[in-house]
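Asker: Below is one structure. I have some questions about it.
The values are calculated or read from the model by the stated rules, or taken from the named source; none is laboratory data. Being a predicted model, the structure only gives us computed values, none of them experimental. Cβ placement follows ideal geometry from the backbone for every residue including glycine, while neighbour counts extend to all protein chains displayed. All accessible areas refer to the heavy atoms of the entire protein, side chains included, with ligands and DNA or RNA removed. Shrake-Rupley method; radii C 1.70, N 1.55, O 1.52, S 1.80 Å.
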Amino acid sequence: IATLILLATSQTISLLFIGTITFGISAALYAPARFTILSGIYSEREGAAIGITMAAWSVGNALLPPIAGALAIYSTLRLGFSFLIPAFIVLIIGLVYAIPSDNTPIKISNQSGNTSQSVLKYMSEKEVMVIILIQILLSFVFSGFVGFYPTYLIRIKNISPSISGFLFSIFFAGAVFM
């Protein structure tokens with residue numbers, strides 16, 4: 001919420017960049033932690049819990065950018081960043097009441113002893129190295145596409161920014177159906 005408030009109230013491009021970087025870092029830290037937490041809480045239904053979480057993420061990625069873009073185009077950029085702040089506040093309040101308050105820690109077993117040695121052992125296997133390489137290449141291609149597609153549409157294809165934003169959101173909408 002603090003990052004969205006920073007983005008919505010930033011008066012300079014420097015604050016806008018700081019807010020964007022902060023949002024990116026917090027989102028990156030949240031992603032791995034949610035899988036660990038969901039696996040620990042819902043060990044019997046781990047797949048369903050993670051699947052529902054990923055489906056919600058995909059729906060959010062498909063619906064929220066066009067809504068934020070439309071608000072930014074027809075109103076202000078600040079409204080495009082801030083329209084979800086009340087929903088996040090309600091969500092946090094709901095989570096405080098919905099999550100059990102027993103303070104029992106999540107037990108994650110480490111059957112192999114030293115975790116770093118286990119990770120290095122598995123990463124040195126040929127099949128795992130191929131998968132890691134494929135993931136790196138896919139991430140590189142995906143990041144390149146995501147980073148330059150809107151600019152390509154605007155600069156090379158001479159499509160208006162609003163239509164380019166809409167077309168870009170269709171790309172993420174496709175993730176919902178995959």
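Asker: Give segment 144-158 a look and list any residue that's open to solvent by 70 Å² or more (accessible area, probe 1.4 Å), assigned to a helix (DSSP H, G or I) and more than 17 Å from Pro65 (Cα to Cα), or say none.
Answerer: Tyr152, Arg155, Ile156 - these are the residues of segment 144-158 that are open to solvent by 70 Å² or more (accessible area, probe 1.4 Å), assigned to a helix (DSSP H, G or I) and more than 17 Å from Pro65 (Cα to Cα).
Asker: Just a yes or no: is a residue in segment 118-135 open to solvent by 70 Å² or more (accessible area, probe 1.4 Å), under 26 Å from Thr20 (Cβ atoms) and either at pLDDT 75 or above or among the hydrophobic types (A, V, I, L, M, F, W, C) (or both)?
Answerer: yes
Asker: So, Ile5, is that one β-branched (Val, Ile, Thr), modelled with pLDDT of 80 or more and either within 22 Å of Ala87 (Cα to Cα) or not in a helix (DSSP H, G or I) (or both) or not? Walk me through how you get there before you give the answer.
Answerer: Working: β-branched (Val, Ile, Thr): yes; modelled with pLDDT of 80 or more: yes; either within 22 Å of Ala87 (Cα to Cα) or not in a helix (DSSP H, G or I) (or both): yes.
In short, yes.
Asker: I've got another one for you. Taking Gln11 and the conditions (1) loosely packed, with under 12 Cβ neighbours inside 10 Å; (2) part of a helix (DSSP H, G or I), which numbered condition does it fall short on, given that it satisfies the others?
Answerer: Gln11 satisfies every listed condition except (2).
Asker: Assuming Pro161 fulfils every condition listed in (1) open to solvent by 60 Å² or more (accessible area, probe 1.4 Å); (2) touching a helix residue (DSSP H, G or I) at 6+ places or on another chain (Cβ under 7 Å); (3) at pLDDT below 80 apart from one, which condition is it?
Answerer: Condition (3) is where Pro161 drops out.
Asker: Pick from segment 31-62 the residues that are open to solvent by 80 Å² or more (accessible area, probe 1.4 Å) and touching a residue at least 12 places away in the same chain (Cβ under 8 Å): which of them is farthest from Ser169 (Cα to Cα)?
Answerer: Only one residue tops the list, namely Ile41.
Asker: Of everything in segment 22-43, what is among the aromatic types (Phe, Trp, Tyr) and either part of a helix (DSSP H, G or I) or closer than 24 Å to Leu7 by Cα (or both)? Give them in sequence order.
Answerer: Phe23, Tyr30, Phe35 - these are the residues of segment 22-43 that are among the aromatic types (Phe, Trp, Tyr) and either part of a helix (DSSP H, G or I) or closer than 24 Å to Leu7 by Cα (or both).
Asker: Output yes when any residue across segment 72-82 is polar (S, T, N, Q) and open to solvent by 80 Å² or more (accessible area, probe 1.4 Å), and no when none is.
Answerer: Looking for residues that are polar (S, T, N, Q) and open to solvent by 80 Å² or more (accessible area, probe 1.4 Å), one finds none in segment 72-82, hence no.
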